[in-house]
Ligand code: GDP
């Protein structure tokens with residue numbers, strides 16, 4: 001024994017309190033929290049199902065499918081409602097894989113693309129990007145990846161649908177690199193495509209996984225052939241294997257080799273090819289997430305950074321969703337645990353309200369059901385019942401004033417003026433919009449002059465959802481009309497006089513949002529630019545963080 005060894009032994013040997021000391025770091029280290037991002041139809045739902053299938057969390061594929069019913073009839077409230085109800089349970093899924101606890105956060109990437117999507121990405125430690133290999137990089141992938149890049153979130157890439165005629169794989173990598181500005185490090189390489197899809201070659205392991213179509217293969221055990229020069233392969237598909245050898249040479253020469261550090265810093269993405277519907281390449285994705293993706297890391301808060309291993313509990317709300325039963329108007333606040341250990345029934349401090357709350361009926365999101373949670377650690381998501389006392393961005397701790405930063409509101413691109421048919425309902429309208437605004441369903445601006453409210457959104461479906469919910473939950477029949485507003489900027493300044501002059505002079509275009517922040521509503525790009533030039537002492541922000 002050296003002195004060091006015995007000291008370490010003494011520390012490990014091991015009163016119960018010591019064991020407890022190691023508990024939080026151990027639990028943090030085995031957690032992986034990621035979101036899936038993709039353009040509609042790339043295969044996100046299919047892949048999610050297969051991931052759950054692998055973990056044993058669901059018995060048969062098809063469980064996740066339910067929420068898709070009616071996704072093309074987005075204007076039908078019942079469908080939205082149905083979808084929303086089901087997605088409360090399926091928008092966060094927790095399962096175990098190889099002794100890791102995996103939290104998978106769904107990012108609504110469909111027609112209902114909205115601010116929610118952005119904010120979900122603030123609660124993950126890594127992301128899985130699904131690309132339809134026949135289509136390449138599409139619009140919503142670009143938007144979502146942009147959000148990931150703001151925080152240097154590590155990205156794993158899955159090129160899906162290799163069982164179809166796809167684009168040339170080298171060209172796909174080129175496109176990802178040039179459009180998304182992220183280095184690609186292929187980890188598997190496809191052999192053929194479409195009808196001639198034979199499998200993938202694992203560039204790091206030098207082995208070939210043979211493709212076999214068939215949806216129900218739950219264990220994903222595909223035949224593996226060792227070595228690209230294995231004569232067995234040349235016998236099976238001589239043409240494709242020659243092609244593969246050529247491509248692999250090219251790939252080794254022209255593309256990047258996987259580098260864990262570069263992946264973790266968000267500048268490089270490992271790329272896998274496969275077919276979600278055939279469950280092919282899915283296990284490799286899960287392994288990459290478990291082996292390479294980061295465990296929860298430190299998070300910035302106003303006064304200091306918070307380490308996930310700290311003994312005291314802390315976390316923030318990143319999403320609020322109406323519950324299954326709209327009649328009760330209760331909502332679930334999704335909280336990401338950032339440090340410490342959450343225990344059912346514990347008392348925590350709601351820092352914005354400076355109030356102690358007891359967290360007794362909290363839900364967790366085991367993929368198979370919504371269960372009562374007993375404990376949770378950094379990276380886990382817990383659902384808090386919310387009766388209107390929680391907003392997006394609210395932070396919770398065991399008492400320390402820690403407001404987590406970086407939960408963004410984005411300046412909306414779409415605007416509507418709200419009118420109501422029955423003026424007697426104006427109070428309900430305001431109440432409804434206030435609550436929906438806090439929930440992040442839409443942004444609500446109240447101009448300093450004039451009585452119309454202006455709604456802002458980043459996705460047009462947000463307006464439909466808000467109109468339906470106003471009617472169903474608040475009994476308000478609201479009409480949304482085209483607005484002359486084309487963009488919004490939050491305004492701040494050290495110079496209080498400039499601010500109040502601004503408010504007084506431009507009252508029709510100056511408004512307060514639901515959280516009481518001052519904003520400028522511009523009618524055009526030129527209008528915005530000129531206003532900025534005329535008011536040099538003011539700063540105009542395209543995003544604001546929850547304060
Ligand atoms: P999402 O909109 O991204 O959630 O996409 P879905 O998972 O709903 O998939 C869109 C369509 O692509 C569905 O018809 C799927 O059956 C199909 N699909 C998904 N994965 C594959 C695949 O690997 N190969 C093929 N041929 N089709 C797939």
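Quick rundown of the values:
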item: Residue 174-residue 305 FRET efficiency (beta carbon distance; Förster radius 25 Å; 0.05 resolution); result: 0.10
item: Ranked packing of 511-521, 128-138, most packed first, by mean Cβ within 10 Å; result: 128-138, 511-521
item: Residue 472/residue 401 FRET efficiency (R0 41 Å; Cβ-Cβ; nearest 0.05); result: 0.60
item: Label-to-label distance, nm, for residues given as residue 221 and residue 486 (7 Å Cα→Cβ offset); result: 6.3 nm
item: Among 250-257, 451-458, the order from most to least packed when residues are scored by Cβ within 10 Å on average; result: 451-458, 250-257
item: Tensor-based shape of the range 387-470 (alpha-carbon gyration tensor, a/c under 1.5 rounded, otherwise prolate or oblate); result: prolate
item: Net lengthening on full extension, residue 353/residue 242 (0.36 nm per residue, minus Cα-Cα); result: 33.3 nm
item: Difference of contour (0.36 nm per residue) and Cα-Cα distance, residue 298 to residue 434; result: 45.7 nm
item: Residue 419 paired with residue 150, simple spin-label distance in nm, labels 7 Å along Cα-to-beta-carbon; result: 3.5 nm
item: Listed peptides 154-162, 341-349 by packing density, highest first (mean Cβ within 10 Å); result: 154-162, 341-349
item: Rounded to 5, percent antiparallel among DSSP beta bridges of the range 151-271; result: 70 percent
item: Segment residue 205-residue 254, length gained on full extension (0.36 nm per residue, minus Cα span); result: 15.7 nm
item: The range 95-168 and the range 458-484: distance between their alpha carbon centers, rounded to Å; result: 29 Å
item: Rounded FRET efficiency, nearest 0.05, which uses the C-beta distance separating residue 541 from residue 501 and R0 of 25 Å; result: 0.85
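Each reported figure results from applying straightforward, stated rules to the coordinates on display, with no laboratory input. Keep in mind it's a predicted model, so treat the numbers as computed, not measured. Reconstructed Cβ throughout: ideal geometry from the backbone, glycine too, with neighbour counts over all protein chains shown.
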